[in-house]
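Peer 1: Below is the structure I would like to discuss, written out as structure tokens.
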Amino acid sequence: MRWNKKQFAVIGLGRFGGSICKELHQMGHDVLAIDRDEKKVLEFAAFSSHALQLDSTNESALKRSGITNFENVIVAIGEDIQSSILTTLVLKDLQIPKVYVKAQNHYHQKVLMKIGVEQVVQPEIEMGKKMAEHLGSQKIIDSIDLSADYSITELMATPKVNRKSLNDLKIRLKFGVTVLAIKRGEKLNVSPLPDDILQAGDVLTVLGTKKDIHQFDRAGL
Ligand code: ATP
């Protein structure tokens with residue numbers, strides 16, 4: 001598969017924005033790191049393609065930074081809600097295609113959604129949910145939300161699968177979830193066939209509504 005290098009700008013280099021910036025940079029993407037605090041900018045010079053000190057509520061400064069060349073902008077300003085909202089409005093005015101904003105609380109989230117931000121994240125709440133999912137389920141390994149209703153989840157197959165095939169277990173018919181892949185040790189079987197046999201310890205990657213996936217999880221297969 002061809003490597004698809006993307007351009008990201010991260011505004012606010014606290015713990016959340018900082019870790020996004022480092023991770024994307026490490027993955028090889030272009031990352032413009034922005035903070036009004038000079039110390040942060042110096043710290044992140046090594047973990048970004050370019051680090052700039054500016055106040056993101058200042059529209060002309062933001063324009064001069066070249067931010068309009070970036071398709072994805074992450075606003076990771078938490079505590080200063082006013083700055084977060086003003087920055088987001090400026091980005092919306094500049095018609096940045098994808099703006100992701102960290103919300104500090106429910107009201108902040110509501111305002112962001114009202115001004116048309118589709119991707120609002122509340123990392124503490126999302127991490128809490130994920131952790132509860134891990135603690136509450138013996139089987140769920142990881143999960144990615146595709147929307148409010150749908151997710152892709154990795155689950156560990158239990159001895160109940162007892163060398164049965166996907167067809168025998170009728171997973172899609174009974175639970176409404178689709179098995180996208182089966183991992184056994186290092187071997188990955190993508191788009192498994194109905195006759196493929198499952199074993200305890202296999203890692204199943206399933207796609208479905210969160211409700212159906214939880215039902216599948218509770219069935220303890
Ligand atoms: P954390 O991710 O550490 O939990 P937080 O939610 O507490 O962060 P803040 O510390 O308020 O968020 O902000 C994160 C960063 O955003 C800080 O480094 C701060 O300097 C920067 N920041 C805040 N307002 C602006 C602004 N108007 N322009 C640029 N950077 C800003």
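Peer 1: Which count do you get for residues in the range 58-70 that are open to solvent by less than 70 Å² (accessible area, probe 1.4 Å), away from the ligand (no atom under 12 Å from the Cβ) and either in a loop (DSSP other than H, G, I, E, B) or of a type in the set (D, E, K, R) (or both)?
Peer 2: Within the range 58-70, residues that are open to solvent by less than 70 Å² (accessible area, probe 1.4 Å), away from the ligand (no atom under 12 Å from the Cβ) and either in a loop (DSSP other than H, G, I, E, B) or of a type in the set (D, E, K, R) (or both) number 2.
Peer 1: Here is a further query. Is there a residue in the range 2-15 that is more than 9 Å from the ligand (Cβ to nearest atom), among the basic types (Lys, Arg) and at pLDDT 95 or above? Walk me through how you get there before you give the answer.
Peer 2: So the first thing to find is which residues in the range 2-15 are more than 9 Å from the ligand (Cβ to nearest atom), and the list is 2-10.
Checking the rest, the ones that are also among the basic types (Lys, Arg) come to 2, 5-6.
Remaining after also requiring at pLDDT 95 or above: none.
Within the range 2-15 (the criterion being more than 9 Å from the ligand (Cβ to nearest atom), among the basic types (Lys, Arg) and at pLDDT 95 or above), the answer is no, since none of the residues qualifies.
Peer 1: Give me the residue from the range 93-122 that is of a type outside the set (Val, Ile, Thr) and open to solvent by less than 40 Å² (accessible area, probe 1.4 Å) and, out of that set, nearest to Gly18 (Cα to Cα). Before the answer, list the steps.
Peer 2: Here is the first cut: in the range 93-122, the ones of a type outside the set (Val, Ile, Thr) are 93-95, 97-98, 100, 102-110, 112-114, 116, 118-119, 122.
Okay, now just the ones that are also open to solvent by less than 40 Å² (accessible area, probe 1.4 Å), so 94, 102-103, 108, 112, 116, 122.
On the way: Leu94: 24, Lys102: 13, Ala103: 16, His108: 21, Leu112: 21, Gly116: 25, Gln122: 16 Å.
Residue satisfying both the conditions and the ranking: Lys102.
Peer 1: Residues to consider are Glu71, Glu43, Glu79; find the one that is touching a residue at least 60 places away in the same chain (Cβ under 8 Å), among the charged types (D, E, K, R) and at negative phi.
Peer 2: On the way: Glu43 fails: touching a residue at least 60 places away in the same chain (Cβ under 8 Å); Glu79 fails: touching a residue at least 60 places away in the same chain (Cβ under 8 Å).
Answer to the selection: Glu71.
Peer 1: Looking at Val73, Val90, which is the one that is of a type in the set (A, V, I, L, M), under 27 Å from Ile125 (Cα atoms), over 19 Å from the mean Cα position of the chain (by Cα) and surrounded by 14 or more Cβ atoms within 10 Å (Cβ to Cβ)? Can you show your working first?
Peer 2: Numbers: Val73 fails: over 19 Å from the mean Cα position of the chain (by Cα).
None of the others qualify; the one that does is Val90.
Peer 1: Checking the conditions here, which among Lys92, Lys39, Lys114 is outside the structural domain of Ala148 (by TED's automatic domain parsing) and over 26 Å from Ser147 (Cβ atoms)?
Peer 2: On the way: Lys92 fails: over 26 Å from Ser147 (Cβ atoms); Lys114 fails: over 26 Å from Ser147 (Cβ atoms).
Just one listed residue meets the conditions, Lys39.
Peer 1: Ok, one more. Being outside any loop (DSSP other than H, G, I, E, B) and of a type in the set (Ser, Thr, Tyr) is the filter; apply it to the range 161-203 and report the residue that is most open to solvent (accessible area, probe 1.4 Å). Give the derivation first.
Peer 2: Our first condition is that a residue be outside any loop (DSSP other than H, G, I, E, B); within the range 161-203, this holds for 161, 165-169, 171-175, 178-184, 187-190, 197, 203.
From what is left, the residues that are of a type in the set (Ser, Thr, Tyr) are 165, 178.
Working: Ser165: 7, Thr178: 39 Å².
Checked the range 161-203; the qualifying residue most open to solvent (accessible area, probe 1.4 Å) is Thr178.
Peer 1: Do the conditions hold for Ser48, that is, is it small (Gly, Ala, Ser), without any contact (Cβ under 8 Å) to a residue 60 or more places away in the chain and either touching a Gly at 6+ places or on another chain (Cβ under 9 Å) or open to solvent by 60 Å² or more (accessible area, probe 1.4 Å) (or both)?
Peer 2: Numbers: small (Gly, Ala, Ser): yes; without any contact (Cβ under 8 Å) to a residue 60 or more places away in the chain: yes; either touching a Gly at 6+ places or on another chain (Cβ under 9 Å) or open to solvent by 60 Å² or more (accessible area, probe 1.4 Å) (or both): no.
For Ser48, the condition - small (Gly, Ala, Ser), without any contact (Cβ under 8 Å) to a residue 60 or more places away in the chain and either touching a Gly at 6+ places or on another chain (Cβ under 9 Å) or open to solvent by 60 Å² or more (accessible area, probe 1.4 Å) (or both) - is not met.
Peer 1: A follow-up question, please. Do we find a residue being at pLDDT 85 or above and either open to solvent by 20 Å² or more (accessible area, probe 1.4 Å) or of a type in the set (Phe, Trp, Tyr) (or both) anywhere in the range 134-141? Let's see the steps before the verdict.
Peer 2: Here is the first cut: in the range 134-141, the ones at pLDDT 85 or above are none.
No, that holds for no residue.
The values are calculated or read from the model by the stated rules, or taken from the named source; none is laboratory data. Not measured: the values here are computed from a predicted model. Virtual Cβ from ideal backbone geometry, glycine too; neighbours counted across all protein chains shown. With ligands, DNA and RNA removed, areas are computed over all heavy atoms of the protein, side chains included. Shrake-Rupley method; radii C 1.70, N 1.55, O 1.52, S 1.80 Å.
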